[in-house]
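Only one structure is covered here, and it is reproduced in the block below.
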Amino acid sequence: MNEFLKTEYEQCLSLIKYYDERHHALVKYASGLSGAIPSLLLAIYQLGDNTNQYFWQFTLIISFLTALGLLSIFTVLIQTRLYFIYPVRQVNSIRRYSLKELNDSEFKNQMYLNTSFNAFKWSSSHTLLNLFIAMQVGVFAGLSMYSYMVSKSIEECIISTSLGLGLLTALILFGSSALYLFQNSKYHPDKSIHKEDD
């Protein structure tokens, strides 16, 4: 293997590790945020009668802002997944090229060689974690709707409307991210990431 390919291989492996760790760190952060908000709301509720009369307004504001914050994290997760696959493809390409040059019939490759896989894969841990965060956004969107309806004394279909909005939000988010990853990972990285033709 020539020196450039060796360096490229090592740098791409570093990028793979970086983007994978970044993805998992963002999921941990989002889950921590989602876990802290119910505690915050419970603390506000326990402050007493003065705050209880405004509890649902506080809940509406906090859950709406949390949904927006989680949505921004979700967007970064999707882009990180796209950034992740290009170094993986490069590593696979270098590996395949080097194995052809090796031309040793005794060596049996046990690693990946595919350079055309899609960024959206149901079996990927990234996909399952993205779904998990999309569901968290949906929960806080639903809680926002519930808080709004309670604060406005709207009692008709309050639970089903809130659950429906939460589920719809999660499905739309996850579906649009899947479509985005599926479409953009077909292109060369310059076109996909920078919108430039190669």
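For the range 170-198, the tally of residues that are in contact (Cβ under 8 Å) with a residue 40 or more places away in the chain and either part of a loop (DSSP other than H, G, I, E, B) or crowded, with 16+ Cβ neighbours inside 10 Å (or both) stands at 11.
Consider residue 55 carefully, then state whether it is modelled with pLDDT under 95 and not hydroxyl-bearing (Ser, Thr, Tyr). So residue 55 passes the test. Does residue 74 fit the bill of being touching a residue at least 24 places away in the same chain (Cβ under 8 Å) and assigned to a helix (DSSP H, G or I)? It is true that residue 74 is touching a residue at least 24 places away in the same chain (Cβ under 8 Å) and assigned to a helix (DSSP H, G or I).
Report yes if residue 109 is in contact (Cβ under 8 Å) with a residue 12 or more places away in the chain, outside any helix (DSSP H, G or I) and farther than 30 Å from residue 165 by Cα, otherwise no. Spell out how you get there, then give the answer.
Values: in contact (Cβ under 8 Å) with a residue 12 or more places away in the chain: yes; outside any helix (DSSP H, G or I): yes; farther than 30 Å from residue 165 by Cα: yes.
When the stated conditions are applied, residue 109 passes them.
Of all residues in the range 1-50, those satisfying the criterion of being under 22 Å from residue 133 (Cβ atoms), of a type in the set (D, E, K, R) and touching a residue at least 40 places away in the same chain (Cβ under 8 Å) are 20, 22.
Here is a list: 120, 132. Which entry is in contact (Cβ under 8 Å) with a residue 12 or more places away in the chain and either over 25 Å from residue 65 (Cα atoms) or not in a helix (DSSP H, G or I) (or both)?
Details: 132 fails: either over 25 Å from residue 65 (Cα atoms) or not in a helix (DSSP H, G or I) (or both).
Only one candidate passes the filter, namely 120.
If you go through the range 19-30 and keep only what is crowded, with 16+ Cβ neighbours inside 10 Å and closer than 15 Å to residue 71 by Cα, you end up with 23, 26, 27, 30.
The values are calculated or read from the model by the stated rules, or taken from the named source; none is laboratory data. Remember, it's a predicted structure, so these values are computed and weren't measured experimentally. Positions of Cβ are generated from backbone atoms using ideal geometry, with glycine treated the same way; all protein chains shown enter the neighbour counts.
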